[in-house]
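Below is one structure; the comments refer to it alone.
Where a number appears in this text, it was derived from the coordinates with a stated rule and is not lab data. Computed from a predicted model, the values in this text were never measured in an experiment. Here the Cβ positions follow ideal geometry from the backbone for every residue, glycine too, while neighbour counts run over all protein chains shown.
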Amino acid sequence: MKDILTAPFLIELVRTLTNMYAHGWDERNGGNVSVLLEEAELADFLDLNAVIRTIPTGFAAPELEGKYFLVTGTGKYFKNAQYDPAANLGVVRLTDQGAQAQLLWGFTDGGKFTSEFPAHMMSHVARWKVDPENRVVMHCHPANLLAMTYVHDLDEVKFTRTLWQMCTECIVVFPEGVNVLPWMLCGTNEIGEATAQKMESARLVVWAQHGIYGAGKDLDETFGLIETAEKAAEIWLKIAHLPLVNTISDEAMHLLEARFGVKAREGYLR
Ligand code: 13P
Ligand code: ZN
């Protein structure tokens, strides 16, 4: 059996969490990440019959049966993941259609998966319906996007168009736009269901006055999505109080669609 601390999926998650912290997106225990793992890639590192303990999840969905996830722990600080991965992270297998999580590795101090597990698992299920390749759900608290939700209209078309207009490549990176949820109580099945519903039409879902969710096929893609939207929000905050002289026109956006082979969300461009 190989040492799980040498597993590429674990090393990549630890590096990503460290990078997210360095970007200021994850103060204290802010943020959480879940990564879908294949049984075959885990079998080299863990005895899959050795269940450490079973943790109830409080929700269920048939699509989750038998699925394996590497996930951050509740109350854990991203900045510490690199020093003690086994205490801050866990590997779970979902059974009873997701109602139970069998702990196979990690959470060594008796902890458990993130309080946002419902939003993560329901978002994975929602994304598989539109993208069977989806493996990552990432939540964090980037300052500029968060700040924007205090002063910008939360209408999804308006919010998306503002972000698209702030960097030429935004429409290329997230042509489906950004979906937005109003403030809701976090850590609940309700916000999980609402997030998952929004995930059916976009890989980015802003939680007003809280943060953002991203989804993607790997950690790089998901990090890059959030990074791009956050950069756009930063630029908007730099210019929003100044007289606007220039912008990226809808005509220019259509040129970008043609040049990069992407299609902007229906009805979002004139
Ligand atoms: P957890 O520590 O439970 O992951 O919660 C952090 C967070 O960002 C809640 O939205
Ligand atoms: Zn949060």
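Brief remarks follow.
- From phi via Karplus (6.51, -1.76, 1.60), per-residue ³J(HN,Hα) for the range 225-240 in Hz, x at Gly/Pro: 4, 5, 4, 5, 5, 5, 4, 4, 5, 4, 5, 4, 5, 6, 10, 4
- Distance from the C-alpha centroid of the range 104-132 to that of the range 28-49: 10 Å, rounded to the whole angstrom.
- Additional length obtainable on full extension of the chain from Arg259 to Ala86, 0.36 nm per residue less Cα span: 57.7 nm
- Each of Ile226, Ile55 was scored by other Cβ atoms within 10 Å of its Cβ. Arranged with the fewest first, they read Ile55, Ile226.
- Evaluated at q = 0.18 Å⁻¹: base-10 log I(q)/I(0), Debye formula over Cα of the range 165-235: -0.69
- Taking Cα centre as origin and charging only the Cβ of basic (Lys, Arg, +1) and acidic (Asp, Glu, -1) residues, the dipole magnitude of the range 54-196 rounds to 300 debye.
- Helix 156-166 axis versus longest C-alpha principal axis of the chain: approximately 80°, rounded to the nearest ten.
- Using every pair of separate Cα atoms, the Kirkwood estimate puts the hydrodynamic radius of the chain at 19.1 angstrom.
- Least to most buried among Lys2, Lys79, Lys129 (fewest other Cβ within 10 Å first): Lys2, Lys129, Lys79
- Extents of the range 37-115, taken as max minus min of Cα coordinates on every principal axis and listed largest first, are 34, 29, 18 Å.
- Annotation: peptides 134-144, 64-74, ranked by per-residue average of other Cβ atoms within 10 Å with the highest first, follow the order 134-144, 64-74.
- For Lys263, a cut-off of 22 angstrom between C-alpha atoms picks up these lysines, skipping any fewer than 8 places away in its own chain: Lys129, Lys158, Lys198, Lys217, Lys231.
- Viscosity 1.567 mPa s, temperature 4 °C, Stokes-Einstein D of the range 130-270 from Kirkwood C-alpha radius, µm²/s: 84 µm²/s
- Hydrodynamic radius by Kirkwood, which averages 1/r over all alpha carbon pairs of the range 103-143, in angstrom: 12.1 Å
- Couplings for the range 123-132, taken from phi via the Karplus curve 6.51 cos²θ - 1.76 cosθ + 1.60 with θ = phi - 60°, read 5, 4, 4, 5, 5, 4, 5, 9, 8, x Hz in order; Gly and Pro are left as x.
- Fully extended contour minus Cα-Cα distance, from Ala99 to Leu154, at 0.36 nm per residue: 16.4 nm
- Using θ = phi - 60° and Karplus 6.51 cos²θ - 1.76 cosθ + 1.60, couplings along the range 25-37 (whole Hz; Gly, Pro as x): 7, 9, 4, 6, 9, x, x, 6, 9, 10, 10, 6, 10
- Electrostatic dipole magnitude of the chain [Cβ: Lys, Arg +1; Asp, Glu -1; Cα centre; debye, to 20]: 400 debye
- Segment Ile235-Glu251, length gained on full extension (0.36 nm per residue, minus Cα span): 3.6 nm
- Working from label points 7 Å from Cα in the Cα-to-Cβ sense, the Asn189 to Arg270 distance is 4.6 nm.
- The relative contact order of the chain, computed from alpha carbon pairs under 8 Å that lie at least 6 residues apart in sequence, is 18 percent.
- Helical mean residue ellipticity (222 nm; -39500 (n - 2.57) per DSSP H run of 4+; nearest 500) of the chain: -11500 deg cm²/dmol
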